[in-house]
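Take a look at the structure below.
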Amino acid sequence: MAHAYLISSNNTDETMKILLNVIKNIFCGEYEDNSNKCSLCHLIDINNLPSLKIIEPDGNFIKKDQILALKNSFSKSSVITKEQVYIIKNAEKMNKEAANTMLKFLEEPDGNVISFFLTNHIDNVMLTIQSRCQHIDLSFHNTLEEDLSITKEKYTEYLEVITNYLKELEVNKRKLILNNLKISEYEKSDLINIFKIMLEIYHSKLVNNYDKINHDVCDYLNNLSKNNIYAKVKLITSYLNKINYNVNENLLLDSFVLEMDGINNENI
Ligand SMILES: [Zn+2]
């Protein structure tokens, strides 16, 4: 285990929950996720364990005095736990004096002190602090339905339509008769969402990142080359722009499927 960590996140509350569980594991060998009986863990829960200090901005900044007080309280070794741990929330809000005092603290390593710096704005954390910490990214990502502002039900419905559509196109290699397809019955606003989801499917396959799409539909694309998928990402993006203009939806979908099929026929 390192002695100083810089955790970047976009959700401080969720990150704190995770971090406090990590800290319970550090302090308490008995700790299990569902155990509320341990008195040590209870002290952590009520923020009353002397060897755990959580520093937050006092007003707009974290000030030098706060860091000095922390240093002072950690100068005596802990009677309850072997380690001493502190968390600096909003680490980017240390003013210059505080950061310099902090640096001195970091430079006098005590084997039993572990530091966690939390920030939502890692670029604003002083470089000298950054360089002394091990970085961890704990950013939370929106789901695709959150990004699109649609309900879970609507998302599931779209995904089913897209799955059938892509199965015909990519697996059965059938030229689709679009008038028979559910996709052409949708209004423009639905169609935009459908194309956005389709784009995310191909894109996630391209970068092997299934944060947003984790579904069988991705398996239909397993046999496609990276170039093939890349060409389709570009094509879907261009059609997403076209849908925004007032064009005839059926003609648009017809030419889309021909172009998708064209990419497959080029054997790229
Ligand atoms: Zn415990």
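Quick one: angle between helix 96-107 and the longest Cα principal axis of the chain, in degrees between 0 and 90, rounded to 10, please.
80 degrees
For the chain, calculate the relative contact order in percent as a whole number, restricting contacts to Cα pairs under 8 Å that are 6 or more residues apart.
Relative contact order here is 19 percent.
Any idea what diffusion coefficient the range 62-137 gets from Stokes-Einstein, in µm²/s, Kirkwood Rh on alpha carbon pairs, 4 °C, 1.567 mPa s?
It comes out at roughly 101 µm²/s.
Output needed: percent of Cα pairs per 10 Å distance bin for the range 144-265, bins running from 0 to the one holding the longest distance.
12, 50, 35, 3
I want the antiparallel fraction of DSSP beta bridges within the chain, as a percent rounded to 5.
5 percent
I'd like the accessible area for residue 203, computed on protein heavy atoms only with a 1.4 Å probe and all protein chains in place. Round to 10 Å², please.
Surface accessible to solvent at residue 203 totals approximately 80 Å².
Compare 105, 116 by solvent-accessible area with a 1.4 Å probe and give them largest first, with all protein chains kept in place.
Sorted by accessible area, descending: 105, 116.
Enter the accessible area of residue 65 (Å², nearest 10), with the probe set to 1.4 Å and all protein chains included.
My reading of the accessible area for residue 65 is about 110 Å².
For the chain, what is the accessible area per residue in Å², given a 1.4 Å probe and the full set of protein chains? Before the final figure, lay out each step's value.
Numbers: 15020 Å² over 268 residues.
It amounts to 56 Å² per residue over the chain.
Given only helices, namely DSSP H runs of n ≥ 4 each adding -39500 (n - 2.57), what is the per-residue ellipticity at 222 nm of the chain, to the nearest 500 deg cm²/dmol? Intermediate results must be reported in sequence, preceding the final value.
Values: 10 runs with 125 residues, N = 268.
Helices in the chain give a 222 nm mean residue ellipticity of -14500 deg cm²/dmol.
Taking every DSSP beta bridge with both residues inside the range 4-137, roughly what % is antiparallel (nearest 5)?
That works out to approximately 5 percent antiparallel.
Just list whichever of 76/96; 154/205; 17/154 have alpha carbons separated by over 29 Å in the model shown. Kindly include the intermediate steps, with their values, before the conclusion.
Numbers: 76/96 26 Å; 154/205 23 Å; 17/154 31 Å.
Over 29 Å apart, Cα to Cα: 17/154.
Using only the Cα atoms of the chain, what semi-axes does the equivalent ellipsoid have when each is the square root of 5 times a gyration tensor eigenvalue? Give whole Å, largest first.
53, 20, 17
Can you tell me the Rg and Dmax of the range 43-201, counting just the alpha carbons, in angstroms?
Taking only Cα atoms of the range 43-201, I get Rg and Dmax of 26.3, 77 Å.
Once Lys and Arg get +1 and Asp and Glu get -1 on their Cβ, which of 194, 109, 158 lies farthest toward the positive end of the dipole of the chain?
Of the options given, the answer is 109.
Roughly speaking, what % of Cα-Cα pairs in the range 4-137 are separated by over 25 Å, rounded to a whole number?
Counting every Cα pair in the range 4-137, those more than 25 Å apart make up 23 percent.
The values are calculated or read from the model by the stated rules, or taken from the named source; none is laboratory data. All values reported here derive from a predicted model rather than from experimental measurement. Please note: Cβ atoms are built from the backbone with ideal geometry, for glycine as well, and neighbour counts cover all protein chains shown. Ligands, DNA and RNA are stripped out before the accessible areas are found, and what is left, the full protein with its side chains, is counted by its heavy atoms. Shrake-Rupley method; radii C 1.70, N 1.55, O 1.52, S 1.80 Å.
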